[in-house]
Amino acid sequence: MRGCLAIYRRELLILKKKFFRQLASMSVGPLLYLVAFGLGMGQGVQVQGRSYLEFLIPGLVAMSSMTQAFAIASEINIARFYWRIFEEFQAAPIRNIAYVTGEVLAGITRALLSVVVILLIGLLSGVSLSYNIFFWLAVVLNSFLFASLAVGLAMVVKSHADQALLTNFFITPMAFLGGTFFPVDRMPVWAQKILHFLPLTHAAKIIRSSAFGLTPDRFSYLLLAGLGTMLFVVAFLCVNKAKE
Amino acid sequence: MIRIEKLTKNYRTIQALKGVNLQVNEGELFAYLGPNGSGKTTTIKILTGLANPTSGDAYVHGYHVVRETLEAKRQCGLVPQTINLDHELTVDENLDIHGRLFHMSARERAARIDELLDYVGIRERRNSPIKHLSGGMKRRVMVARAMMHAPKILFMDEPTVGLDPTIRRRIWSLVKSIQQSGSTIFLTTHYIEEAEFLAERVAFLDEGRIVAVDTPQNLMARLGTWALDEIVNGDMETIFFQSREEANRHLGKQQGGFTLRRVNLEDVFLSVTGKKVVP
């Protein structure tokens, strides 16, 4: 437990040192999407009986919690390949599970921070939705899943460039196709079937349902929790891969 | 204190260690010498839990480095070859995180940080981010960090590489004082004079094998006391003598074209391997 808290504490210190830079970087993307898609393109457009801006905000929450949780991989890579601090953790008497838990918690923290930024931007744009327990549970599960994926991948990649490649091939397409900017059910049936395999599709669906005050789909929660746990175990198993 | 038995390590097609056997005693300052790529860092990585051996056994303070890895790690402090401090964080924060990783309480950490900052002479920079420190200061922070949890054994992998001679000597004094406080020190270096000055015993490693282990004095005495370097047919040859008189007799009336000097550890390494200990 102490080892996990030490890892988490270090990541928080790093986040604190770069807090305003991080905050600015977390705000730029959602702001652009809100202006371009919400205020520009989506003006007067109704989706699922709501204004497009109301539809967009939960989608951005899902996307941002994914990208910010996944961004912990970059921090790990910098520590591993650039500053070589990963050696310091490996020489310490802490278990692999403590290391993974500390980093995943740091990923979730970053994700939650980015979600708060989006909700504030949404409030300033006049969008007020229901941010209830189901909403936050979905956000945490989505962040947990992608932070676990990030830690696992960060352990097996051989360079920072490999990590960027994975982001370009998996995270960016998912960000656009996982029900963030448009309802998945508007896609052709064959595409819908494929998109239902993406965890972000489920995350966007339940985050949106909760935010709209509807009953979210339990299966999606279970799926995110199950897949997240599986990826957490994989990340734990991958730590030894990074050893040599 | 450190026991290594038939240790091997393979990296794909490269055999980095080929059956190393070694014993380092408690309180000893032991130097592990060899050219780059000879397996020095690999040995340290295995002993500190950063790499697993392919075969063989290694124990630190009685704990097996693989089977009892957490206990073994608690006994070790590591000063790695490359500076691996958190550059965004301050000196204090770097030491504090290390203390947390080694399960020290808040009170223990605060007291130890105060003590170590004085010890390595860097107290006035405790709140400076690492990125604002000089190379020598960073090295001293690395030594302080490795000593934070009061390890039984301190592993120092090329601790003075890239430092200017003045700073290097400052680090040497620090290493000596750490040893005098009762710690066992396992030092790798390719600076021969560093090993000669610091070490009580040395081991020479060449292509993954230990080729000689003894005190620097005994190893050098095997060759003689004086070494005569001279150019013979375009190649430098070194001849060893037990006394200066013997060397003078050999030289006869020869004027110039030679250097007469004391035997050093590099001569020992050359004589057992035919190679120079330089990067």
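The values are calculated or read from the model by the stated rules, or taken from the named source; none is laboratory data. None of the values given here were measured: they were computed from a predicted structure. Cβ sites come from the backbone with ideal geometry, for glycine too, and all protein chains shown count toward neighbours.
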Discussion item. Residues that are over 30 Å from residue B:80 (Cα atoms) and of a type in the set (S, T, N, Q): does region A:50-57 have at least one?
Written reply: yes
Response to the item:
In the set B:144, B:106, the lone residue that is in the same structural domain as residue B:70 (by TED's automatic domain parsing) and in contact with a helix residue (DSSP H, G or I) (Cβ under 7 Å, 6 or more places away or on another chain) is B:144
Item to complete: Could you figure out which of (1) surrounded by 24 or more Cβ atoms within 10 Å (Cβ to Cβ); (2) of a type outside the set (S, T, N, Q); (3) away from chain A (no Cβ under 12 Å); (4) touching a Cys at 6+ places or on another chain (Cβ under 9 Å) isn't true of residue B:47?
Response: (3)
Practice prompt. Looking only at region A:76-83, decide whether some residue is over 20 Å from the mean Cα position of the chain (by Cα) and outside any helix (DSSP H, G or I).
Written response: yes
Practice prompt. Just one of (1) surrounded by 14 or more Cβ atoms within 10 Å (Cβ to Cβ); (2) assigned to a strand (DSSP E or B) trips up residue B:220, so point out which.
Written response: (2)
Discussion item. I'd like to verify a number: residues in region B:37-86 that are closer than 20 Å to residue B:140 by Cα and part of a strand (DSSP E or B), how many?
Written reply: 4
Item to complete: Those residues that are among the small types (Gly, Ala, Ser), surrounded by fewer than 16 Cβ atoms within 10 Å (Cβ to Cβ) and not in a loop (DSSP other than H, G, I, E, B), I need them from region B:160-210; list them, please.
Response: B:173, B:177
Discussion item. I'd like to know if region B:16-34 contains one or more residues that are touching a Ser or Thr at 6+ places or on another chain (Cβ under 7 Å), more than 8 Å from chain A (Cβ to nearest Cβ), more than 22 Å from residue B:204 (Cβ to Cβ) and in a strand (DSSP E or B).
Written reply: no
Worksheet item: In region A:32-60, how many are modelled with pLDDT of 85 or more, hydrophobic (A, V, I, L, M, F, W, C) and farther than 15 Å from residue A:117 by Cα?
Response: 2
Item to complete: Name every residue in region B:87-105 that is part of a helix (DSSP H, G or I) and more than 14 Å from residue A:85 (Cα to Cα), in order of residue number.
Response: B:91, B:92, B:96, B:99, B:100
Worksheet item: Are there any helices (runs of 4 or more DSSP H) wholly within region A:164-228 with 3 or more residues that are at negative phi, out of contact with any Pro (no Cβ under 7 Å at 6 or more places or on another chain) and touching a residue at least 40 places away in the same chain (Cβ under 8 Å), and if so which?
Response: A:199-211
